[in-house]
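Take a look at the following structure, please.
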Amino acid sequence: EAGVAQSPRYKIIEKRQSVAFWCNPISGHATLYWYQQILGQGPKLLIQFQNNGVVDDSQLPKDRFSAERLKGVDSTLKIQPAKLEDSAVYLCASSPVGGQGRRGYGYTFGSGTRLTVV
Amino acid sequence: DQQVKQNSPSLSVQEGRISILNCDYTNSMFDYFLWYKKYPAEGPTFLISISSIKDKNEDGRFTVFLNKSAKHLSLHIVPSQPGDSAVYFCAARFAGNTGKLIFGQGTTLQVKP
């Protein structure tokens, strides 16, 4: 099966600018996650969608971050305005409903977008 | 509040020997534990998981052990190979249907030829 696609791979912006990331999950996967991974730390969940509804956005800084998943397929994550501390890798992942896959609850990540805010 | 902790930032082992990566957790509501492996410039890839009702799961060279009373799990890689050199993340899943995972900080494993 095709993997989770993300674009762009790299992005450099100045602080206070805006940026958007795109994710196309594995076909048929109802659940989509956006994670933020700061250098030296583990991935942190920002937002989780099930189909096109939000399941969990408790860790999303809503004053500057927004995300949508139109038609329950592709998703975009936006930051406006960006801060220096937003520099991180933004990872998109997808899974069947509830995370249950063929090998248990591991879901599939994309390669990520590395954001540098200067 | 770090619910999943990997206290060793790095580990170096010789090829052919055993690698043991450790992880501690604090929340009793986790029902599954997983290990992910990450190479530079790639996303994490799922490696192996274990249910909270088991104490061991094996898949080839990889074995995960769970000690619920100590809230501790470990990943054993035997024998270690240079291609195993990567960052390993421990993750824990909250019981329920959301599939939300909480990750540890990661341990960088270097396997020397």
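The values are calculated or read from the model by the stated rules, or taken from the named source; none is laboratory data. None of the values given here were measured: they were computed from a predicted structure. Cβ placement follows ideal geometry from the backbone for every residue including glycine, while neighbour counts extend to all protein chains displayed. With ligands, DNA and RNA removed, areas are computed over all heavy atoms of the protein, side chains included. Shrake-Rupley method; radii C 1.70, N 1.55, O 1.52, S 1.80 Å.
Might you check whether a residue that is open to solvent by less than 40 Å² (accessible area, probe 1.4 Å) and out of contact with any His (no Cβ under 9 Å at 6 or more places or on another chain) occurs anywhere in region B:53-72?
Scanning region B:53-72 turns up no residue that is open to solvent by less than 40 Å² (accessible area, probe 1.4 Å) and out of contact with any His (no Cβ under 9 Å at 6 or more places or on another chain).
Suppose the filter is over 13 Å from A:Gly112 (Cα atoms) and within 11 Å of chain B (Cβ to nearest Cβ); does A:Pro96 pass it?
yes
Can you find, within region B:83-95, the residue that is most open to solvent (accessible area, probe 1.4 Å) among those that are without any contact (Cβ under 8 Å) to a residue 60 or more places away in the chain, of a type in the set (Gly, Ala, Ser) and not in a helix (DSSP H, G or I)?
This residue is B:Ser85.
Can you name the residue in region A:70-87 that is in a loop (DSSP other than H, G, I, E, B) and closer than 20 Å to A:Gly110 by Cα and is also most open to solvent (accessible area, probe 1.4 Å) among such residues?
Ranking the qualifying residues of region A:70-87, first place goes to A:Val73.
Of the conditions (1) closer than 17 Å to B:Gln6 by Cα; (2) part of a strand (DSSP E or B); (3) out of contact with any Ser or Thr (no Cβ under 8 Å at 6 or more places or on another chain); (4) within 14 Å of another protein chain (Cβ to nearest Cβ), B:Ser74 clears all except one; give me its number.
Going through the list (1) closer than 17 Å to B:Gln6 by Cα; (2) part of a strand (DSSP E or B); (3) out of contact with any Ser or Thr (no Cβ under 8 Å at 6 or more places or on another chain); (4) within 14 Å of another protein chain (Cβ to nearest Cβ), B:Ser74 breaks only (4).
Test each condition in (1) open to solvent by 80 Å² or more (accessible area, probe 1.4 Å); (2) at pLDDT 95 or above; (3) touching a helix residue (DSSP H, G or I) at 6+ places or on another chain (Cβ under 9 Å) for A:Asn52 and report the one that comes out false.
(2)
Continuing with this model, one more query. For region B:5-28, name all the residues that are more than 13 Å from the chain's Cα centre (by Cα) and open to solvent by less than 40 Å² (accessible area, probe 1.4 Å).
Matches in region B:5-28: B:Val13, B:Asn27.
Residues that are touching a residue at least 40 places away in the same chain (Cβ under 8 Å), open to solvent by 20 Å² or more (accessible area, probe 1.4 Å) and aliphatic (A, V, I, L, M): does region A:56-69 have at least one?
There is no residue in region A:56-69 that is touching a residue at least 40 places away in the same chain (Cβ under 8 Å), open to solvent by 20 Å² or more (accessible area, probe 1.4 Å) and aliphatic (A, V, I, L, M).
Another one. For the condition part of a loop (DSSP other than H, G, I, E, B), small (Gly, Ala, Ser), more than 17 Å from B:Gly104 (Cα to Cα) and touching a strand residue (DSSP E or B) at 6+ places or on another chain (Cβ under 7 Å), what is the one hit in B:Ser12, B:Ser80?
B:Ser80
Restricting to region A:11-57, what's the tally of residues that are in a loop (DSSP other than H, G, I, E, B) and over 15 Å from A:Tyr107 (Cα atoms)?
Qualifying residue count, region A:11-57: 13.
Among the numbered criteria (1) open to solvent by less than 20 Å² (accessible area, probe 1.4 Å); (2) assigned to a strand (DSSP E or B); (3) not charged (D, E, K, R), which one does B:Gly43 miss?
(2)
Still on this structure, I have one more. Return the only residue of B:Ser19, B:Ser28 being in contact with a His (Cβ under 8 Å, 6 or more places away or on another chain) and either modelled with pLDDT of 95 or more or more than 12 Å from chain A (Cβ to nearest Cβ) (or both).
Matching residue, one of B:Ser19, B:Ser28: B:Ser19.
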